[in-house]
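**Student:** One structure is given below, represented as structure tokens, and several questions about it will come after.
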Amino acid sequence: MMKVRICDKCISKEVIKELEKEKIELDIECINFCGIGKSKYVAIVNNLPIISEDKEEFINKIKKSK
């Protein structure tokens, strides 16, 4: 099972909704990537960071991690 941790202070609600539409279970909490999270999309997937400057690329990287 894929575990995706994501911070709702760094990631927009729009991105969170898109991930939920993909049936990706999210654990929403601070992941302590606040510096990077101000300019890039960041999540922790199965204990590995996923970082992207592009929203669509970010979502695709998470989907590929399944």
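**Student:** Hey, in the chain, which Cys have no second cysteine's beta-carbon closer than 4.7 Å?
**Tutor:** So, CYS30, CYS34.
**Student:** Could I ask something else about it? Using just the helices of the chain, give the 222 nm mean residue ellipticity in deg cm²/dmol: DSSP H runs with n ≥ 4 each add -39,500 (n - 2.57), and the total is spread over all residues, rounded to 500.
**Tutor:** On the way: 3 runs with 23 residues, N = 66.
Helix-only estimate at 222 nm: -9000 deg cm²/dmol.
**Student:** Further, regarding this structure: Inverting the mean 1/r over all pairs of different Cα atoms, compute the Kirkwood radius of the chain and quote it in Å. If you can, show how the numbers build up before the last one.
**Tutor:** On the way: mean 1/r = 0.0871 Å⁻¹.
Across the chain, the inverse of the average 1/r is 11.5 Å.
**Student:** As a test, work out the antiparallel percent of DSSP beta bridges whose residues both lie in the chain, rounded to the nearest 5.
**Tutor:** Details: 7 of 10 bridges.
Around 70 percent of the beta bridges assigned by DSSP in the chain are antiparallel ones.
**Student:** Let me ask another. Under 10 Å, Cα contacts only: if you run a Gaussian network model on the chain, which one of ILE36, ILE24, ILE51 comes out with the highest mean-square fluctuation?
**Tutor:** Evaluated over the chain, the most mobile residue of the options is ILE36.
**Student:** Right, something else. Restricting attention to the stretch 1-46, which GluC sites (Glu not before Pro) occupy a DSSP loop and are surrounded by at most 15 other Cβ atoms within 10 Å?
**Tutor:** Working: sites: GLU14, GLU18, GLU20, GLU22, GLU25, GLU29; in loops: GLU22, GLU25, GLU29.
Taking the stretch 1-46 and a limit of 15 other Cβ atoms within 10 Å, the loop GluC sites (Glu not before Pro) found are GLU22, GLU25, GLU29.
**Student:** Now, a different point. Suppose a student asked you for the relative contact order of the chain, using Cα pairs under 8 Å spaced at least 6 residues apart; what percent would you report? Write out the running numbers ahead of the final one.
**Tutor:** On the way: 93 pairs, mean separation 24.0, N = 66.
Value for the chain: 36 percent.
**Student:** So if I place +1 on the C-beta of Lys and Arg and -1 on the C-beta of Asp and Glu, and nothing else carries charge, what would the dipole magnitude of the chain be about its Cα centre? I want it in debye, nearest 20.
**Tutor:** On the way: 14 positive and 12 negative charges, 22 e Å.
Charge dipole of the chain: 100 debye, to the nearest 20.
No lab work stands behind these numbers, since they all come straight from the coordinates. A quick note: this is a predicted structure, and the numbers were derived from the prediction, not measured. Here Cβ is always computed from backbone atoms with ideal geometry, including for glycine, and neighbour counts include all displayed protein chains.
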